[in-house]
Structures are given as C-alpha cells and as structure tokens.
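J.: Encoded as structure tokens, here's the structure I'll be asking about.
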Amino acid sequence: MIFKKQLLFGFIFVFVLNASAQFQKDSVFVKLNLKWKNEPLELNKVYHSKTDSLQISTFKFYVSAITIQFEDNSTFIEKNSYHLVDLEDENTFKIALCKKANKSISKISFNIGVDSLASVSGAMSGDLDATKGMYWAWQSGFINMKIEGKSNSCATRNNNFHFHVGGYLKPNYALRNVNVNVNNNSNDNVNLIIDLAQLFDEVDLKTTNSIMIPGQKAMKIADLSVNMFRLQ
C-alpha cells in the first residue's frame, strides 16, 4: 500500500514537472534586464550618477496588472498579476504570461507597485507574502519599490540611504503605470531594460536619502521610477 502511494506521488510529481516545463516552453515571457546605464546592475558595486557615487544593497519592486496588446488589437490581461522583482534573485527577472500566439506583440503595459485593493486586503501568499519584506501594515499597505544602499553623499549612519516607496491613499498613491510600444514582430518575448541610473541621475542623495513612509518625497521617486523602463 505504501509503495502504491509513493508510486502515485512520484507520478503526480513528474506530471506536474513536465506540465510546468511545457508551459514555460510555450509561453510569452517578459524578460527584465536590470541595468546601470549599459552595465548589468550588481549588488554593492560602485556606480556614479550625475551628482553622487553609490552602492546598491537592495533593489526590489512589484510589477503588476500586466497587459499585452497584439497587432490585431486583441489583448491578454494577466489575472492576479503581482510579481516581485528582486535584484538578489535572477529567477524573478523572467515572467511567464500566456501561450504564444501566431501574432506579433505591439504593446505592453503594467503597474509599478500594488493596487489599493490588494493593499487593503492585507499581506497574502506568493509574492505578496509579508515574509518578502515588502508589506508595512494595513494603514500604509505594500512597499511598491525598495532601494537601499550607501553613498558618501549621505550624512547618515554608515552613509546609508533607504527608499521605501509606497502608499495607496490619495494624495499619496504611489502606484505608477508604464506603457511600452514593442513593434518588434515578436510573438514570444518582450525584453525590457530597467535602468536604475535614470532614477538616481535625478536624485541628490545629500538632501534625499531617507524615505520610509508615504508622502511627497515618495511620490517624487514613484514619478521618476517610470523613466527606468524601456524596450531593449
């Protein structure tokens, strides 16, 4: 009896594994390439913005509400669309969406962050699990984007800076939408660059180095974050 159960569990495991591999093979992917200008973004490497030199120790952000528009104006809208991208985990740089279609992708849109409905629902499972370190509390909701590091420009303890960008209540609603025209005759992948230099070139770490609650400073960083995304 025990042998039969083990055999059944083994069969189920192999079936699920094969099904997952087949889905990966047949899927449209969004591939995220984290960069500093033309270089791959690396933890704790020294980079230079227009005003500062800095190192990144943490870079996480949510991509949500992903929508793909095809050349025939049909669309795919991902359900329960919340993906946490983490510089420390390359597995988060590739998002499988839907089955490949015999038509080209013309546009992709998505949000940076977590919407107000999910925020008031509280921390959940998967990428929205509180153990991911991206949930404040129901009063403030999720952290849409977390950037931490150090710079000699920061007159703070250990020269650290912390950008925890979030907030789901107006006027401090930190969710931002990104639209990218693809038009590359692709029907299986969308390759995006996320260039963190585009954000830090517009930030003076001498005066802006600690954002830990919703507010005007968080809204400014949220606005700048949209500029990081472009087609590869």
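J.: Residues in the range 119-127: is at least one outside any strand (DSSP E or B), of a type in the set (Asp, Glu) and either buried (at least 19 other Cβ atoms within 10 Å of the Cβ) or modelled with pLDDT of 95 or more (or both)?
T.: yes
J.: So, in the range 203-228, of the ones that are out of contact with any Phe, Trp or Tyr (no Cβ under 9 Å at 6 or more places or on another chain) and not aliphatic (A, V, I, L, M), which residue ends up most open to solvent (accessible area, probe 1.4 Å)?
T.: My answer is 216.
J.: Just one of the numbered conditions (1) touching a Gly at 6+ places or on another chain (Cβ under 9 Å); (2) assigned to a loop (DSSP other than H, G, I, E, B); (3) in contact (Cβ under 8 Å) with a residue 60 or more places away in the chain is not true of residue 142; which one?
T.: With respect to (1) touching a Gly at 6+ places or on another chain (Cβ under 9 Å); (2) assigned to a loop (DSSP other than H, G, I, E, B); (3) in contact (Cβ under 8 Å) with a residue 60 or more places away in the chain, residue 142 is out only on (2).
J.: Moving on to the next point. Look at the range 183-202 and say how many of its residues are in contact (Cβ under 8 Å) with a residue 60 or more places away in the chain and open to solvent by less than 10 Å² (accessible area, probe 1.4 Å).
T.: 7
J.: Here's a follow-up. Can you name every residue in the range 104-118 that is of a type in the set (A, V, I, L, M, F, W, C) and open to solvent by 10 Å² or more (accessible area, probe 1.4 Å)?
T.: Scanning the range 104-118 gives a single hit, 117.
J.: Would a scan of the range 35-57 turn up a residue that is at pLDDT below 95, surrounded by fewer than 17 Cβ atoms within 10 Å (Cβ to Cβ) and outside any loop (DSSP other than H, G, I, E, B)?
T.: No, there is no match, as no residue in the range 35-57 is at pLDDT below 95, surrounded by fewer than 17 Cβ atoms within 10 Å (Cβ to Cβ) and outside any loop (DSSP other than H, G, I, E, B).
J.: Quick check on the range 134-154: of everything there that is among the small types (Gly, Ala, Ser) and at pLDDT 95 or above, which residue is nearest to the chain's Cα centre (by Cα)?
T.: That would be 149.
J.: Identify the residue in the range 142-174 that is over 20 Å from residue 59 (Cβ atoms) and of a type outside the set (Phe, Trp, Tyr) and, among all such residues, is surrounded by the most Cβ atoms within 10 Å (Cβ to Cβ).
T.: 172
J.: Have a look at 206, 217 and point out the one that is in a helix (DSSP H, G or I) and at pLDDT 95 or above.
T.: None of the other options fit; the residue is 217.
J.: Scan the range 87-101 and report the pairs whose first residue is assigned to a strand (DSSP E or B) and of a type in the set (Lys, Arg) and whose second residue is modelled with pLDDT of 95 or more and open to solvent by 40 Å² or more (accessible area, probe 1.4 Å), with Cβ atoms within less than 9 Å and a gap of 6+ or a chain change.
T.: Pairs found: 94/31.
J.: Let me ask another. Could you go through the range 170-191 and let me know if any residue there is touching a Gly at 6+ places or on another chain (Cβ under 6 Å) and part of a loop (DSSP other than H, G, I, E, B).
T.: So far as the range 170-191 goes, yes, one or more of its residues are touching a Gly at 6+ places or on another chain (Cβ under 6 Å) and part of a loop (DSSP other than H, G, I, E, B).
J.: Would you pick out the residues in the range 175-190 that are out of contact with any Ser or Thr (no Cβ under 9 Å at 6 or more places or on another chain) and at pLDDT 95 or above?
T.: Listed by number, the list is empty, since nothing qualifies.
The values are calculated or read from the model by the stated rules, or taken from the named source; none is laboratory data. Keep in mind that what you see is a predicted model, and the values were worked out from it rather than measured. When we count neighbours, we look across all protein chains shown, and the Cβ atoms used for this are built from the backbone with ideal geometry, even at glycine. Ligands, DNA and RNA are stripped out before the accessible areas are found, and what is left, the full protein with its side chains, is counted by its heavy atoms. Shrake-Rupley method; radii C 1.70, N 1.55, O 1.52, S 1.80 Å.
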